[in-house]
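Reviewing the structure listed below.
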Amino acid sequence: MFNLWKNLSVVKKLYIVVGGMALLIAIELGTLVFALSTLSSVRAFVGGEGLWSKAQKNAIHSLSSYIFTKEKHYYDDFHEHMKIPNGDRRARLELMKQNPDISAVYAGFIQGGVHPDDIPGVIVMLRRFGEVSYIQRAVVAWTEADELLNVLIEKSEELRKLFAQPTVDADEVKRILAEINVINAKLTVLETEFSNVLGEGSRWLERLLMLLLVLAVVTIEGTGLFLTFSFAKNLNRSLLELNAATREIGQGNLGITVPVHSADELGELARSINKMSHDLDVNISQRLLAENANQVKTLFLANMSHEIRTPLGIILGMTEILKDPHVSEQEKRKYLDVIESTGHNLARLINDILDITKVESGHIEVELTGVKLDSLMEEIESMMHLKAAKSGIALSFHMQPGLRGIEIATDHNRLKQILVNLINNALKFTSEGSVRVDLGRAGDDIYFEVTDSGIGIPEEMQSRLFQNFFQVDSSSTRKYEGTGLGLVLSRKLARSLGGDVVLKRSTLGEGSVFRLIIPHHEVSRGTSVEPVKVSEEAKAGLQGSRVLIVDDSEDNLVLIQHYLKKYQVLCDVAMDGIDALEMTEQNIYDVILMDMQMPRMDGYTATRKLRERHYPAPIVALTAHAMKEDRERCLNVGCNDYLTKPIVSEQLYATLLEFTRKDGDSNAPERVK
């Protein structure tokens, strides 16, 4: 047993010490609660007996007064006093049944004068401890006393009938009075026995509970001292040895060996130091691996710089061309389309980088909604059809018939993001031929297979395909552009959904098959949510709304005003939080769009001050900070909602409609939370 304890890990030792003491303390607390509740029940039982006894004595006194005065109100007083023992008897008889009516028990005890808060304790005493000898003896005395009370009631009836006669037989009255006195004496004996029995039971219970508490305290203290002493002794010895060993290693003595006394963390630390002193001679290879990893990261950053600068160069170049007054309207439209497409690609690249960061830091957001598989396939097909057509690639979608109409619980946006990444990859590496997307079921999982007839992946590269910062072709003369983020991000996102992305097969020159697997989770009620759709009719409902736009960027102010004035929204602007506070003192707005990072006073401070003033308008954070913690920070300071830059016009309209719509406005879109 000692060796087993010695070899346990430090964490397990602490768990055992803390858990054992917590268990013992819980037992002690449970014992105390049991003691208090039981003693309270005994007190309630004794209190009920006191009321019973007092009522019985008052009843006999009233009956005696009735005998001597023959006044009827004493007879009535007798029966009034008898209601208390009669109520207790009703409750006792009901509790003796196999399935008692608790409401009837309550009614009986309330008639018996027992306080409603004490009734549960009395019931517990009679039902839970009914087999205990003390309770059995008390109930026997109670039952015998009730039988005597029945006789007493009969004597009262005899007296009533006797006094109703024209001539009262004095001898008969004396006989009944003598019998009443005998009954009273017997009741006194039974009441005394009842009280003595409960007293004995209370003292026995007190001694038992005290013994249990003492044993619990002694066990807790003894166990804690023993475990603490043995743990501290081993810890002190091991730390002294480890300290001496590290000092020797620091001085260059790599042949030092630390004694290993146990298999816990301290023993493992000793082994690690021994191994470290041995491995210091051979760490050159590890240093080379680190240098190689740095080279890969450097290459990745260089590639990322190229991928970001390329669309930026296109956007800036096209913008310069648009300034030329000789450019025709048709050419301007073409250049604007290029700028829009390039901007979307740049935003997607930044989103991929952010998603990788979120996954690596554990902040990836997964929102489960109801996703209809056939609707998802149609949505992606409409998205990718034009790109495939421009590349001259035949893109087809196929679904097992049994999956039509099926709805699963997953993250709609993340699932779509993975599929779009896989299909984009397939289209990019397929110069001619086709890309096929299959949806099917395998056991409890749903799978999507993306098959292309492209260049394929060399066998020696396939094992490294999902590594960070990896590309099959990383040379400066590579044919295919890209960051190398798509596949690794897709796998990480799929695993966050409980699934995976794998390379099913790939042949050089013939193409590849990637499979996405996600679990088939049933949709619970309230999970299925339709995406936001804002109709032109709904947008027209924004007309006349008054909005304050707070942003230090004039370009953003121009852009947002353009979106809003298109639907006759009245716009005021402020360049920072101080200007916003001044304007809200003079005006009440329907919505405030608040940039969060501004000079002089930022949006967080401005929002907090507005809420301190109880300003009623909804405040929507509009910021380029897109991490989960940024959203939470905005909501915590008082924002009602959160939108990210670059601004998506449809999302902006939907948010404004939510906060400006009137009750009963059927045109307002439902929000997805």
In debye to the nearest 20, the charge dipole size for region 1-153, taken about the Cα centre with +1 at each Lys and Arg Cβ and -1 at each Asp and Glu Cβ, equals 720 debye
The farthest towards the positive end of the charge dipole of region 369-519, of the residues Thr369, Leu516, Phe466, given +1 on Cβ of Lys and Arg and -1 on Cβ of Asp and Glu, is Phe466
So Val182 and Glu147, fully extended at 0.36 nm per residue minus their Cα-Cα distance, gain in nm 11.2 nm
Taking only the alpha carbons of region 369-519, the radius of gyration and the largest Cα-Cα distance, Dmax, both in angstrom, are 15.1, 48
Gyration tensor on Cα atoms of region 577-642, a ≥ b ≥ c root eigenvalues, a/c under 1.5 rounded, else prolate if a/b beats b/c, else oblate, says prolate
Region 14-214, Kirkwood Rh and Cα Rg, ratio Rg/Rh at 1.15
Quick calc, Thr192 & Ser37: beta-carbon distance into FRET formula, R0 22 Å, rounding 0.05, result 0.25
Simple SL model, points at 7 angstrom along Cα→Cβ for Asp279 and Met96; separation in nm is 8.0 nm
Met596 neighbourhood, Cβ < 12 Å, K/R = +1, D/E = -1, net charge -2
If R0 = 35 Å, then Leu29 and Thr228, at their Cβ-Cβ distance, give a FRET efficiency to the nearest 0.05 of 0.95
Checking rank on 160-171, 593-604, 187-198, 206-217, with mean other Cβ inside 10 Å and highest first, the result is 593-604, 187-198, 206-217, 160-171
Treating only Lys and Arg (+1) and Asp and Glu (-1) as charged, each at its beta carbon, one finds that region 369-519 has a dipole about its Cα centre, in Debye to the nearest 20, of 280 debye
In this structure, among Lys54/Lys174; Lys332/Lys539; Lys54/Lys186; Lys334/Lys416; Lys387/Lys416, pairs with alpha-carbon gaps over 21 Å are Lys54/Lys174; Lys332/Lys539; Lys334/Lys416
Label model pair Glu522, Glu221: point-to-point distance (7 angstrom along the Cα→beta-carbon line) in nm is 5.6 nm
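No value in this document is a laboratory result; all are computed from the given coordinates. Everything numeric here is computed off the predicted structure, so don't read it as measured data. Virtual Cβ from ideal backbone geometry, glycine too; neighbours counted across all protein chains shown.
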